[in-house]
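The structure appears right after this line, and notes come after that.
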Amino acid sequence: MIAHISIPSENPKQTALFLAAVIDGLAFDFPVVTGASIAVARDGSGTAVEVYPTTMKHHPGTGQVDPTLKPEGPDTMS
C-alpha cells in the first residue's frame, strides 16, 4: 500500500523530522521543490509525507516541468 500526502509547513525540515519519528521513518531534503523536505517510512509500505514551505503553491500543470516557471497567484497552498 502506498500512502502519500503533501502538506504545508512554516518549517518543512523540522516538520519532516517530527513526522519521520512518528512513522518510524527517515527525513530528507526533497529536491523537487527548494526548501521542501520529505518523511519516508522505513517499513516498506511506501508511506511518505512531502512537506512544502507555506510559500509554495500546488497547481495542475501539463507537459514537462519548467524549473524557471514562477506560478501566478497566492503565495500559500490552499
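The values are calculated or read from the model by the stated rules, or taken from the named source; none is laboratory data. Since this is a predicted model, take the numbers as computed values, not measurements. All Cβ positions, glycine included, derive from the backbone under ideal geometry; neighbour counts span all protein chains shown.
Are any residues in the range 10-35 surrounded by fewer than 20 Cβ atoms within 10 Å (Cβ to Cβ) and not in a helix (DSSP H, G or I), and if so, which ones?
If the condition is that a residue be surrounded by fewer than 20 Cβ atoms within 10 Å (Cβ to Cβ) and not in a helix (DSSP H, G or I), then 10, 11, 23, 24, 26, 28, 29, 31, 32, 33, 34, 35 are the ones that fit.
Within the range 22-42, which residues are over 29 Å from residue 68 (Cβ atoms) and of a type in the set (A, V, I, L, M)?
Passing the criteria: 22, 23, 26, 41.
Exactly one of (1) more than 29 Å from residue 23 (Cβ to Cβ); (2) at pLDDT 75 or above; (3) surrounded by 11 or more Cβ atoms within 10 Å (Cβ to Cβ) is unmet by residue 56. Its number?
(1)
Sort out which residues of the range 1-21 are modelled with pLDDT of 95 or more and over 23 Å from residue 67 (Cβ atoms), and write them in order of number.
Correct list: 10, 11, 14, 15, 17, 18, 19, 20, 21.
Looking at this structure, is residue 45 at pLDDT 90 or above, surrounded by 11 or more Cβ atoms within 10 Å (Cβ to Cβ) and among the polar types (S, T, N, Q)?
Taking the combined requirement at face value, the residue does not satisfy it.
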